[in-house]
Amino acid sequence: MRHTAEQLPVLSSRAANDKLTIRNDMKLPFNKIRHQTLAVVAMAALLPVVLLALFVVGRLRTELTYQALHAQKSLAEAVRQGIQMQIKTWIHQLEHFVETPAIQTMNAATQKPVLFKFLDQNPLFASAFVYNSDGTIINVAYRNRNKGDDNLLGANLSQLGLKEAGQPSTWGYTILAFHDVMKTGELKISAHISSFNQKAQLMVFLPIKAFDDSSRIVGILSIALHLDGVILQEMIEGFASGRRGFLILTDRIGSIIARKGQDLPPGLEKATLSRPPEIGFESIWSKLDGQEYLVTLGPVNSINGYILVAAPSEAVLGFIGKILWGMGLLTIISLVISGGFGLVLANTVIEPIQRLIEGISKVSEGDVAHRIEVPDEAEDELSDAGRAFNEMAGSLEKNRLIGDIWSGTWKPPS
């Protein structure tokens, strides 16, 4: 087919554009390979770090929680044992006091100075009431010797209870404890914590037995144990010092009778105890004022109440944040290093492929003398492909030379 002179430049320009398009298109796969290589290398570097972080954080959270629970239970048990030993000492003291003849005679005039003397010698006790067997108050003594003490003399518990309209208040609990002691003849610690001059008091009820017949109960002695007193508070502070979180003692209904802690929420007056344990300790995660706490709760039977030890989540699991920060920094360093190695690896793979494709393009354009530079020490597959290309180009060059010689010497018969 013959072409006119006007057509030749057009054909030549189209051919050049086609070659340019091919060469530009050849660069696109190289970018894809580079990006894919970088992505694979980054994933290979990132995945182990992420899996390690998940494993370490999971195990660390479990271990830190376990250690915190163990520490809280140990603290709660130590406080409980200390309180029980101290309460036993106080109870023994009260039992000895209630067996004195001055108390057993049930003579109000004889009892009065003895009650005041006992309160003066024992600052932990705040007040004392003496009831006869039918619940009538025959003696009252307060530490501050309040002149209004006598206004309750002669009053009966049933009358005082009626004034409170059946509410579970101070006199209501007193009536329950009174009847319990009269029925069993055993000491009773009330579940109710009364309040006097804004001080928490635990009521202890002891039977007064007749001097000449220990099997007959002639009255009840009620003593208010001042639980915010120096002894109990110092004992709690000694156990809780230097620890994050807080420790509180409550009665059976959750009223707080003693507290200590640098993380104690302000204004905390009562703890809601849903299904509290009767034996041993239980631990849960609980939120208070938007802050999450690890809480350990257990009974303190000696005061008919509960002990609650709590620590904020950052105090328990704060170390995990430091670990995660370190893991994040390690991840960034790994990505930077792996990205650099990935880029070097991608270029190492791409450059031989690019030289090979350029060589194929030149040979296809007729430049059979073109050769690809292949290092002699290279022993990889791309180097083998480059050597094979050079051999192929050499064969093509040899064939063309033979063809040219043949075309120049051979003449067709006329």
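Coordinate-derived values only; no laboratory data. Note that the structure is predicted; figures quoted are calculated from it, not measured. Here the Cβ is made from the backbone with ideal geometry for all residues, glycine too, and neighbour counts use every protein chain on show.
Rounded to whole Hz and in sequence order, give me ³J(HN,Hα) for region 299-314 from the Karplus expression 6.51 cos²θ - 1.76 cosθ + 1.60, θ = phi - 60°, writing x for Gly and Pro.
With the stated coefficients, region 299-314 comes to x, 10, 5, 5, 10, 6, x, 9, 10, 10, 10, 9, 9, x, 4, 5 Hz.
Fewest first, what order do VAL218, VAL98, VAL79 take by the number of other Cβ atoms within 10 Å? Intermediate results must be reported in sequence, preceding the final value.
Details: VAL218 16, VAL98 19, VAL79 23.
Lowest count first: VAL218, VAL98, VAL79.
Could you work out the local net charge near VAL204, counting Lys and Arg as +1, Asp and Glu as -1, over the other residues with Cβ closer than 11 Å to its Cβ?
Result for the neighbourhood of VAL204: 0.
Pairs to check: LYS112/LYS260; LYS88/LYS209; LYS183/LYS260; LYS73/LYS322; LYS112/LYS183. Give those whose C-alpha atoms are more than 30 Å from each other in this structure.
Too far apart for the 30 Å limit: LYS112/LYS260; LYS183/LYS260.
Search the structure for amide H atoms under 5 Å from the amide H of GLY305, placed 1.01 Å from N in the peptide plane, and list their residues when 5 or more places away or on another chain.
VAL300
Would you calculate the separation in nanometres between label points at SER364 and ASP380, each defined as 7 Å from the Cα along the Cα-to-beta-carbon direction?
Between SER364 and ASP380, the simple spin-label model gives 2.4 nm.
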